[in-house]
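Novice: Shown below is the structure under consideration.
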Amino acid sequence: MGRFQVLSITDAAASRVQAILDNAAADALGVRVGVKKGGCAGMEYTVELAKDHRENEDVVEKDGARVYIAPEAVLFLLGTEMDYEETVLRSGFVFNNPNQTSACGCGESVELKAADLKVLAEQRAGA
């Protein structure tokens with residue numbers, strides 16, 4: 001049985017990551033996704049250029065676009081879909097996260113719980 005993928009990447013997110021890399025410094029390998037404490041709901045998603053592959057870091061790749069997942073964020077991001085959307089008022093990465101329990105009104109911060117590993121294992125066994 002293969003390893004569980006921490007998050008999935010939509011076509012739109014992969015395209016945006018690739019566009020970022022096309023305009024970034026030559027040493028950029030992809031983008032790194034994580035979470036940090038902050039905002040009125042308690043946590044915020046982080047996205048930054050990845051210039052190295054860190055120890056114990058998961059990597060998800062789609063169509064040549066690489067997303068590195070910070071090890072401390074894995075339990076909060078398991079099962080998440082990373083998307084990219086553009087609207088009239090904003091553009092950016094969107095995280096459709098089953099571990100998100102609430103968000104602030106502006107959408108900049110979220111409340112996350114650690115993924116239930118037993119439920120994930122049961123879902124995977126049934127697939």
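Novice: Residues of the stretch 87-127 being assigned to a strand (DSSP E or B), modelled with pLDDT of 85 or more and surrounded by fewer than 18 Cβ atoms within 10 Å (Cβ to Cβ), which ones?
Specialist: Matches in the stretch 87-127: 91, 92, 94, 96.
Novice: Quick check on my filter: what residues within the stretch 12-44 are within 11 Å of residue 70 (Cβ to Cβ), open to solvent by less than 50 Å² (accessible area, probe 1.4 Å) and either in contact (Cβ under 8 Å) with a residue 40 or more places away in the chain or touching a Ser or Thr at 6+ places or on another chain (Cβ under 6 Å) (or both)?
Specialist: Passing the criteria: 33, 34, 35.
Novice: Looking at (1) loosely packed, with under 15 Cβ neighbours inside 10 Å; (2) in contact with a Lys or Arg (Cβ under 7 Å, 6 or more places away or on another chain), which is the only condition residue 84 fails?
Specialist: (1)
Novice: Considering only residues that are part of a loop (DSSP other than H, G, I, E, B), farther than 20 Å from residue 10 by Cα and within 13 Å of the chain's Cα centre (by Cα), which ones fall in the stretch 27-83?
Specialist: Within the stretch 27-83, 57 is the sole residue that qualifies.
The values are calculated or read from the model by the stated rules, or taken from the named source; none is laboratory data. This structure is a prediction, so every number in the text was calculated from the model and none was measured. Cβ atoms come from the backbone with ideal geometry, glycine included; neighbour counts cover every protein chain shown. In case anyone asks, the SASA skips ligands and DNA or RNA and just uses the protein heavy atoms, side chains included. Shrake-Rupley method; radii C 1.70, N 1.55, O 1.52, S 1.80 Å.
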